[in-house]
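Throughout, read-outs are computed from the coordinates displayed, never taken from laboratory work. The model shown is predicted, which means the values in this text are computed figures rather than measured ones. Note: ideal-geometry Cβ built from the backbone for every residue, glycine included; neighbour counts use all protein chains shown.
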């Protein structure tokens with residue numbers, strides 16, 4: 001994947017830098033007078049994939065904006081990427097719903113979390129009712145006790161990651177076909193499968209994001225004498 005453009009907001013001298021475009025195969029040269037923000041752009045860009053984010057709200061929030069207006073999730077750096085053909089093919093195996101994905105963006109803010117936006121994919125709605133569905137199954141006295149215990153255990157979980165897929169399959173197998181409970185659990189399974197696919201996609205991309213490095217202490221860079 002290759003970066004095609006980036007933007008810095010809410011950081012030092014930049015309320016909004018506007019989009020800065022990368023030209024494939026060409027160096028990006030920043031020209032400006034002292035204190036124009038050249039280093040600020042590069043410092044913010046380097047934090048997109050840094051293992052530990054180094055934004056300091058009091059120091060880095062633009063002086064032209066009030067500290068009282070600062071939000072923990074305020075974005076600092078956002079980069080848009082374009083996938084290569086071989087990556088598009090690989091992603092189809094990871095998340096079949098992402099077969100049309102070509103570009104996406106990643107942003108990171110003061111809270112340190114990376115957030116993704118996919119231009120060619122619809123948002124995945126969260127699952128809100130998994131506990132109610134599973135508690136209904138757990139209360140069904142006609143089911144085997146082990147099945148009810150499994151439903152109770154799943155209902156107590158705050159979320160249902162992909163490792164619970166086999167347990168949900170077991171619930172479906174134990175419920176009568178065409179029953180209301182079977183239909184409810186099957187609907188939950190469909191919702192979860194979409195979420196699991198998108199989670200796999202995020203993990204796949206996260207492991208392959210290009211890194212950006214910024215050096216401002218050249219005397220500390222190791223190398224030949």
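Structure notes:
- The chain: relative contact order in percent, alpha carbon pairs under 8 Å with at least 6 residues between: 20
- Helix 165-174 and the longest principal axis of the C-alpha atoms of the chain enclose an angle of approximately 20°.
- Computed from the Cβ-Cβ distance with R0 of 25 Å, the FRET efficiency linking residue 71 to residue 152 stands at 0.05.
- Dividing the radius of gyration of the alpha carbons in the chain by their Kirkwood radius gives 1.12 for Rg/Rh.
- When each of the peptides 83-92, 5-14 is scored by the mean number of other C-beta atoms lying within 10 Å of its residues, the order from highest to lowest reads 5-14, 83-92.
- Principal axis dimensions, the stretch 75-163 - Cα atoms, whole angstrom, descending: 53, 34, 19
- Spacing of the two label points (7 Å from each Cα toward its C-beta) at residue 2 and residue 208, in nm: 1.5
- Binning all Cα-Cα separations of the stretch 2-122 at 10 Å, short to long from zero, yields these whole-percent fractions: 12, 38, 31, 14, 3.
- C-alpha center-to-center spacing [the stretch 1-48, the stretch 133-192] in angstrom: 50
- Computed from the C-beta positions of residue 113 and residue 141, the FRET efficiency with R₀ = 45 Å rounds to 0.55.
- Taking the convex hull of Cα positions in the stretch 128-175, its mean projected area over all directions (nm²): 3.0
- Taking all Cα-Cα distances within the stretch 137-225, those exceeding 15 Å account for 69%.
- The relative contact order of the stretch 130-199 comes to 33 percent, based on Cα pairs under 8 Å that sit 6 or more residues apart.
- Rounded to the nearest 0.05, the FRET efficiency derived from the C-beta distance between residue 29 and residue 64 at R0 = 25 Å is 0.40.
- Full-extension gain in nm, residue 183 to residue 51, via 0.36 nm per residue minus C-alpha separation: 43.2 nm
- Sequence-distant contacts, meaning Cα pairs under 8 Å at least 6 residues apart, place the relative contact order of the stretch 2-122 at 28 percent.
- Spin-label model, residue 93 to residue 166: label points 7 Å out along the Cα-to-beta-carbon direction sit 2.3 nm apart.
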